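Have a look at the structure below, then the notes.
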Amino acid sequence: MFSGKPQFDGVSRNALVIMAVIASGAALWLLRGVLTQLALAVFLAVTIDGFSRVLERRLPKFPKAAALPTAVALTILILIGVVWLIAQQGMGFADQLQGYGPRLEALLASTAHSLGVQNVPSLSELISRANPGQYAQGIAKQTQSILSDTFFVLIYLAFLIASRRGFRRKIVAMFPHNAEREEAVVIFQRIRNGVEQYLWVQTVTGLMIAAGSFICMYFVGLDNALFWAFLIFLASYIPIIGGVVGVALPPLFALVQFPSIIPAIIIAVVLQSVQFIVGNVIQPKMQGDSLNIDPVVVLLSLAFWGLIWGMPGMFLSTPLTVMAMIILAQFKGSHWIAVLLSANGNPAGAHGRHNPMEDIPGTPRAAAAKVKKVSSRRNPPAP
């Protein structure tokens with residue numbers, strides 16, 4: 001009576017996949033305190049690993065054994081420089097706020113009168129009503145939380161870097177058969193290439209936007225132009241809305257600093273123009289089809305990861321979505337989800353021409369690559 005396969009096999013499988021996705025989302029939210037730190041550590045580890053491989057490729061005479069320590073040292077120096085810049089610019093910004101009081105009160109009064117509001121309270125009255133002590137306590141708690149998260153991220157990062165050398169041997173031991181090993185390494189390589197490509201594009205385009213914004217703000221005379229440029233650079237790592245929000249803050253500050261509205265208009269027009277050109281012309285050409293994610297999915301992933309992981313989720317939304325799409329594409333039951341996430345309907349597209357099996361010792365492709373390299377050295381091509 002009940003012979004053969006169940007009638008609703010496909011429906012049941014899809015329902016099970018949807019339930020698994022919902023359960024995974026709930027687990028990500030419940031474990032966000034630990035997973036956000038681990039995800040940031042993995043993100044930094046991939047960055048450092050890519051930096052070390054760039055040193056090996058771009059500098060052939062550079063010792064390979066020193067590539068990873070050099071990348072770690074340079075990353076630490078960059079982080080120290082970032083902290084120093086934020087501290088210096090933040091102290092200067094706090095000192096200058098006292099001088100902006102009269103201008104801010106005049107701006108509030110003119111805005112209130114234009115809206116028909118009478119008896120506008122002074123700035124000091126507004127501050128006293130806002131209970132600054134409570135806000136200061138909240139800021140102190142947030143600072144303590146950030147420092148604690150940073151400490152654990154660095155701990156995770158240190159262990160990830162320390163275990164990097166044994167990763168290839170683990171791959172060989174986990175997948176003794178060559179076919180399975182090749183498939184696993186190809187998946188890992190695609191995830192790594194996608195994350196590295198995203199990092200490279202966002203960093204270069206963020207520097208372009210920050211540099212153009214700094215030049216404009218510097219010549220207009222906006223205070224703390226370097227701080228605002230750095231803030232714009234950081235915001236560029238948040239897809240779609242990060243750059244737009246970042247370039248919107250300096251014009252608002254210019255309204256408080258300058259007695260005229262002209263500098264604020266100039267800054268707003270120039271910064272939005274730079275953001276539009278880089279974000280809509282340069283960035284798509286640099287990125288190409290490397291990420292293969294639908295633009296609507298990018299926006300939805302930003303909202304999803306921001307909802308469950310907050311600000312770290314917004315920064316990591318695109319790399320995490322790339323990773324999820326590649327993994328979901330490997331299973332028959334979840335392949336349709338990967339197709340929906342992709343831009344061209346082919347989530348299994350290859351990234352790059354380099355075969356990742358050539359990096360794993362003990363595989364036929366690695367041996368063939370080694371023989372090919374030795375042969376090319378003995379018999380160089382004719383000029």
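All of the numbers you see were taken from the coordinates with simple rules; none came from a lab. Keep in mind the model is a prediction, meaning the values are calculated, not measured. Note: ideal-geometry Cβ built from the backbone for every residue, glycine included; neighbour counts use all protein chains shown.
What the table shows:
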quantity: Span per principal axis, largest first, for the Cα atoms of region 5-95 (Å); calculated: 64, 49, 18
quantity: Part-to-part distance (alpha-carbon centres) for region 210-238 and region 19-43, which is given in Å; calculated: 33
quantity: For region 326-333, Karplus couplings with θ = phi - 60° (6.51, -1.76, 1.60), whole Hz, Gly/Pro x; calculated: 5, 5, 5, 6, 7, 10, 5, x
quantity: Cα shape, region 279-336, gyration tensor, a/c 1.5 rule; calculated: oblate
quantity: Under 15 Å, Cβ to Cβ, from PHE304 - net charge with Lys/Arg +1 and Asp/Glu -1; calculated: 0
quantity: Likely footprinting exposure, LEU104, LEU320, fewest C-beta neighbours within 10 Å first; calculated: LEU104, LEU320
quantity: Spatial separation of Cα centroids for region 278-335 and region 133-178, in angstrom; calculated: 22
quantity: Note, ³J(HN,Hα) from phi for region 60-67, Karplus 6.51, -1.76, 1.60, rounded to Hz, x at Gly and Pro; calculated: x, 7, 6, x, 5, 5, 9, 5
quantity: Cα gyration tensor, region 245-345 - rounded (a/c under 1.5), prolate or oblate; calculated: prolate
quantity: Prolate/oblate/rounded call for region 207-293, Cα gyration tensor, a/c under 1.5 rounded; calculated: prolate
quantity: Neighbour net charge for LEU38 - beta-carbon separation under 13 angstrom, K R +1, D E -1; calculated: 0
quantity: Amide proton proximity set for ILE293, modelled H, under 5 Å, gap of 5+; calculated: ALA343
